[in-house]
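Just below is one structure, and these are the notes that go with it.
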Amino acid sequence: MRWQVTKKDTVTVSDHPKHSNPDTLFSDPLRAPGPFRFDSDVVSVFPDMIRRSVPGYETVIAMSGLLAGRFARPHSHVYDLGCSLGATTLSMRRHIEVPDCVIVGIDNAAAMIERCHELIALDAGSVPVELREGDILDSEIANASMVVLNYTLQFVTLERRRELLARIADALMPGGILVLSEKVVFPDASLNQLNIDLHHDFKRAHGYSDLEIAGKRDSIENVLVPESIEQHRQRLAEAGFSSSDVWFQCFNFASIIALK
Ligand code: GEK
């Protein structure tokens with residue numbers, strides 16, 4: 001593995017090239033891809049993979065930080081659920097200025113949390129960060145002023161999504177915010193196909209071959225289950241959020257804010 005940053009500094013998503021090997025996981029034509037797993041191979045290429053695969057990723061991470069600056073409250077928790085290597089956590093850490101606010105990052109992939117600990121330790125920010133290795137479906141969420149699910153709910157089984165969102169709504173203080181970023185599908189079949197094609201164009205423009213795009217698509221099928229924006233907003237209302245709307249979208253990747 002090749003990691004170049006060694007001294008404490010402000011670590012941000014724009015440091016990706018320093019924190020990632022290039023993603024070549026699906027470039028071997030002789031290796032049949034199995035179901036996608038967040039293992040150490042994925043961790044070593046993750047920043048490069050997600051930047052080149054998710055249109056708008058860097059904007060969503062940066063704006064999550066701005067939202068934290070506005071919504072984080074003193075004496076509260078801010079949650080980064082499915083924190084991976086802590087890109088959202090670090091972005092929020094740069095912007096939170098209130099006292100006694102703790103960022104809690106949770107991920108159930110051991111390799112992710114291990115590397116996330118190292119990256120947080122390199123960051124010079126002063127807001128306390130607590131990292132938990134565990135399932136967000138089982139982890140305690142309490143006294144929250146802000147909760148972020150950046151590209152994580154899509155990996156939770158459909159049957160358990162509502163219960164998780166209801167627990168998040170319960171844990172949020174009045175005026176609290178949820179940021180929910182997801183790959184989405186569209187009810188109109190031709191628009192859906194157009195957005196899938198545009199996503200693949202985005203990946204090609206970032207250097208992925210057709211073989212790599214097809215390999216990742218096969219591997220992630222049934223692991224990542226996208227829903228429509230309408231389905232998300234309906235469920236958010238049922239879970240106890242008073243309002244929600246899309247604040248960012250690029251092709252079939254959207255981010256919603258929901259207010260308690
Ligand atoms: C980012 N938010 O960089 N419990 C805990 N973690 C989970 C669960 C679960 N039930 N299911 C999946 N994960 C990050 C990117 S990546 C998105 C999020 C992607 C974790 C999983 O281990 C992985 O680290 C993360 O959710 C999804 O903004 O890879 O497309």
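Please work out which residue is nearest to the ligand (Cβ to nearest atom), limiting yourself to the stretch 36-76 and to residues that are in a helix (DSSP H, G or I), under 16 Å from LYS183 (Cβ atoms) and touching a Ser or Thr at 6+ places or on another chain (Cβ under 7 Å).
ILE61
Failed condition for GLU163, given (1) in contact with a helix residue (DSSP H, G or I) (Cβ under 7 Å, 6 or more places away or on another chain); (2) of a type in the set (Asp, Glu); (3) surrounded by fewer than 18 Cβ atoms within 10 Å (Cβ to Cβ), with all others met?
Every condition holds for GLU163 apart from (1).
Which of the residues that make up the stretch 97-131 are surrounded by fewer than 22 Cβ atoms within 10 Å (Cβ to Cβ) and part of a strand (DSSP E or B)?
Selection gives CYS101, VAL102, ASP123, GLU130, LEU131.
Only one of VAL185, VAL225, VAL179 is within 30 Å of SER145 (Cα to Cα) and either in contact with a Pro (Cβ under 7 Å, 6 or more places away or on another chain) or among the aromatic types (Phe, Trp, Tyr) (or both); which? Reasoning before the result, please.
Numbers: VAL225 fails: either in contact with a Pro (Cβ under 7 Å, 6 or more places away or on another chain) or among the aromatic types (Phe, Trp, Tyr) (or both); VAL179 fails: either in contact with a Pro (Cβ under 7 Å, 6 or more places away or on another chain) or among the aromatic types (Phe, Trp, Tyr) (or both).
Just a single option satisfies the conditions, and that option is VAL185.
Restricting to the stretch 119-132, name every residue that is within 15 Å of GLY86 (Cβ to Cβ) and either away from the ligand (no atom under 15 Å from the Cβ) or touching a Leu at 6+ places or on another chain (Cβ under 8 Å) (or both).
Filtering the stretch 119-132 for residues within 15 Å of GLY86 (Cβ to Cβ) gives 119-125, 127-132.
Across the stretch 119-132, the qualifying residues are LEU119, ILE120, ALA121, LEU122, ASP123, ALA124, GLY125, VAL127, PRO128.
Could you check, for the stretch 77-96, whether at least one of its residues is assigned to a strand (DSSP E or B) and away from the ligand (no atom under 12 Å from the Cβ)? It would help to see each step written out before you state the result.
Kept after step one, since they are assigned to a strand (DSSP E or B), are these residues of the stretch 77-96: 77-81.
Next, from what is left, pick out any that are away from the ligand (no atom under 12 Å from the Cβ): 77-78.
Among the residues of the stretch 77-96, at least one is assigned to a strand (DSSP E or B) and away from the ligand (no atom under 12 Å from the Cβ), which makes the answer yes.
Do the conditions hold for VAL43, that is, is it surrounded by 21 or more Cβ atoms within 10 Å (Cβ to Cβ), modelled with pLDDT under 95, within 28 Å of LEU198 (Cα to Cα) and in contact with a helix residue (DSSP H, G or I) (Cβ under 9 Å, 6 or more places away or on another chain)?
Yes, satisfied.
So which residues in the stretch 133-188 are outside any strand (DSSP E or B), touching a Ser or Thr at 6+ places or on another chain (Cβ under 8 Å) and within 13 Å of the ligand (Cβ to nearest atom), if there are any at all?
Passing the criteria: ILE136, TYR151.
The values are calculated or read from the model by the stated rules, or taken from the named source; none is laboratory data. In this text, all values refer to a predicted model and were calculated from it rather than measured experimentally. Positions of Cβ are generated from backbone atoms using ideal geometry, with glycine treated the same way; all protein chains shown enter the neighbour counts.
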